[in-house]
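For reference, the structure is listed below as structure tokens.
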Amino acid sequence: MCHAFLPAPSWKYFENEYDDMATAIKPVTKPGVEEAEAPQVHRIRITLTSKNVKNLEKVCADLIRGAKEKALRVKGPVRMPTKVLKITTRKTPNGEGSKTWDRFEMRIHKRLIDLQSPAEVVKQITSISIEPGVDVEVTIVDV
């Protein structure tokens, strides 16, 4: 039997079945009683960059330890790919002599840490002593 001749199902019945229920359900509030506002939870991304891996890992460990002591949700550290900046240059300044080259490179390591917490708590966590050479960037997004 060929299925091409069967009629398409009619979805018109299901289309607006629950629309009335969604508008009928409203939160119950008592007159004169105000809700206590909970501190707004933010999604915070901390980006750490450094040329020195040891200092970078130490700062990451300190931040995560502080966040876990405050019982925050922590994701990370996420290790991003290392950027390798290379410069190749001639050793001789005037171009005479044998053609010898120097190769220099600088490695930039990057870590990401995601937190979910109020903004005031993040100020307490990031107030730790940060190792020299580690750049910290904090981005706050409302959830």
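Structural remarks
- Surface share of carbon and sulfur [accessible, 1.4 angstrom probe, percent] for the stretch 73-143: 52 percent
- Of the residues 122, 138, ranked by 1.4 Å probe accessible area with the largest first, the sequence reads 138, 122.
- Distance from the C-alpha centroid of the stretch 113-134 to that of the stretch 89-108: 42 Å, rounded to the whole angstrom.
- The solvent-accessible area of residue 73, taken with every protein chain present and a 1.4 Å probe, is close to 150 Å².
- In order along the stretch 88-93, the phi-based Karplus estimate (6.51 cos²θ - 1.76 cosθ + 1.60, θ = phi - 60°) of 3J(HN,Hα) comes to 10, 9, 6, 6, 8, x Hz; Gly and Pro are listed as x.
The values are calculated or read from the model by the stated rules, or taken from the named source; none is laboratory data. No experiment lies behind these values; they were computed from the predicted model shown. When the accessible area is computed, the model is the full protein with side chains, heavy atoms only, and any ligands, DNA or RNA have been set aside. Shrake-Rupley method; radii C 1.70, N 1.55, O 1.52, S 1.80 Å.
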